[in-house]
Amino acid sequence: MIDVDVRTIGSRVGEEIAVSGWLEVTQERINQFADATGDHQWIHVDPVRAAKELPSKTTIAHGFLTLSL
């Protein structure tokens, strides 16, 4: 647990306060997130179409999933 005094938090701008290990964002995780949120837009859940139509040639994780991590 990180203890931060909100009255002095401004002095910590730019300071690294917590780092976790890497977490692989798999297609399965993206699909589970789509199920949980109801966001099944093809750019997230259709690898075949993404390979054909997206410049990255792969699906894109939901912004909200990325933010939540």
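Where a number appears in this text, it was derived from the coordinates with a stated rule and is not lab data. Remember, it's a predicted structure, so these values are computed and weren't measured experimentally. Cβ sites come from the backbone with ideal geometry, for glycine too, and all protein chains shown count toward neighbours.
For every other residue with a beta carbon closer than 15 angstrom to the beta carbon of ALA18, add +1 if it is Lys or Arg and -1 if Asp or Glu, then tell me the sum. Numbers along the way, then the final one.
On the way: positive: ARG12; negative: ASP3, GLU15, GLU16.
Counting the neighbours of ALA18, the net charge comes to -2.
Treat every Asp and Glu Cβ in the chain as -1 and every Lys and Arg Cβ as +1, leave all other atoms uncharged, and give the resulting dipole magnitude about the Cα centre to the nearest 20 debye. Can you show the working numbers first?
On the way: 6 positive and 10 negative charges, 49 e Å.
Its charge dipole is roughly 240 debye.
If we count every other residue with Cβ under 11 angstrom of ALA34's Cβ, Lys/Arg +1 and Asp/Glu -1, where does the sum land? Numbers along the way, then the final one.
Working: positive: ARG29; negative: GLU28, ASP35, ASP39, ASP46.
Result for the neighbourhood of ALA34: -3.
At 7 Å along Cα-to-Cβ for each site, give me the label-to-label distance between GLN32 and ARG12 in nm.
Simple spin-label model gives 2.9 nm for this pair.
At 222 nm, what value in deg cm²/dmol follows for the chain if DSSP H runs of at least 4 each add -39500 (n - 2.57) and the sum is divided by all its residues, to the nearest 500?
Working: 4 runs with 28 residues, N = 69.
Only helices count here, giving -10000 deg cm²/dmol.
So what is the relative contact order for the chain, in percent, with contacts set as C-alpha pairs under 8 Å and at least six apart? Mind showing how you got there, number by number?
Details: 39 pairs, mean separation 14.8, N = 69.
It rounds to 21 percent for the chain.
Give me the angle, in degrees from 0 to 90, between the Cα long axis of helix 27-37 and the longest principal axis of the Cα atoms of the chain, rounded to the nearest 10.
Here the helix axis deviates by roughly 80 degrees.
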